[in-house]
Amino acid sequence: MREIARDVGYCMLFADADGVVVRDFCDSESARTLRENGLTAGTIWQEAVVGTNGIGTALVERRSIIVNCADHFHHQLKPFICISTPMFDPDGATIGVLDVSGGKVNHRSEAVLLHQMLEESAAWIQAALFRHRYRDHFLVGVSPAPDIDNRVFQSLVAVDDAGLVVGVSEIALSLFGVPRKELTRRPISELLGVTLRALESGRGRIQRLEGRPGGPQY
């Protein structure tokens, strides 16, 4: 993602949960100009401080967002487009924001593509954090059939030796559509309609599971 930001002349920013940029990557001449104009480590992007902006608004709304030029509240930000997505820890708490910012884009499709790539990058970061947290547990990747794709490696459920759910990644949570507290400590057989033994038989493989009749398939 950093290479892509460099190639399009954008800077890439990591902000913490308070909206403070803790790391910036400005790898092109135009991106370094952006750094000189304030898109740099140490700057504060809380919505309460600078109004509508990519980082601050993504933190408030807990969703990825594109804030294009005039949509910014602060006049000094109006020359820029900010594309931001929040990142969450395995418990669902916000840990920060991943952002790419630059001058206005020539076509909205360019911003949409960057947005999709940024969300994918954030998803892989979150999956890595989840795998580390639950490295001693059985991990199940879920994806709604028939769309088995990369989400199966990001949409994760952690299960203990007793077959009880102990963790659910943010992306998996969006598939189930219920609060995290309603999923934890539930038997995986109740959640997916398949037993832990059936899941263990497919260890290390992608396989289609036949759950309860009429229920969602994974």
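The values are calculated or read from the model by the stated rules, or taken from the named source; none is laboratory data. This structure is a prediction, so every number in the text was calculated from the model and none was measured. Here the Cβ positions follow ideal geometry from the backbone for every residue, glycine too, while neighbour counts run over all protein chains shown. Side chains included, ligands, DNA and RNA excluded: accessible areas come from the protein's heavy atoms. Shrake-Rupley method; radii C 1.70, N 1.55, O 1.52, S 1.80 Å.
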Just to confirm my filter: which strands (runs of 3 or more DSSP E) fall fully inside region 1-71 and include at least 1 residues that are over 16 Å from Val97 (Cα atoms) and touching a Cys at 6+ places or on another chain (Cβ under 9 Å)? 65-68
Verdict on Arg2 being open to solvent by 10 Å² or more (accessible area, probe 1.4 Å), under 18 Å from Leu113 (Cβ atoms), in contact with an Asp or Glu (Cβ under 6 Å, 6 or more places away or on another chain) and not acidic (Asp, Glu): no
In region 75-87, what residues are outside any loop (DSSP other than H, G, I, E, B), modelled with pLDDT under 90 and touching a strand residue (DSSP E or B) at 6+ places or on another chain (Cβ under 7 Å)? Phe80, Ile81, Cys82
Set Ala158, Ala123, Ala111: member being surrounded by 17 or more Cβ atoms within 10 Å (Cβ to Cβ) and either more than 20 Å from the chain's Cα centre (by Cα) or more than 21 Å from Met1 (Cβ to Cβ) (or both): Ala158
Does region 176-188 contain any residue that is closer than 22 Å to Ala15 by Cα and either modelled with pLDDT of 90 or more or over 20 Å from the mean Cα position of the chain (by Cα) (or both)? no
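Among Leu156, Leu139, which is the only one that is modelled with pLDDT under 95, within 20 Å of Arg185 (Cβ to Cβ) and in contact with a helix residue (DSSP H, G or I) (Cβ under 6 Å, 6 or more places away or on another chain)? Explain how you work it out, then say what you get.
Details: Leu139 fails: in contact with a helix residue (DSSP H, G or I) (Cβ under 6 Å, 6 or more places away or on another chain).
Sole residue among the options that is modelled with pLDDT under 95, within 20 Å of Arg185 (Cβ to Cβ) and in contact with a helix residue (DSSP H, G or I) (Cβ under 6 Å, 6 or more places away or on another chain): Leu156.
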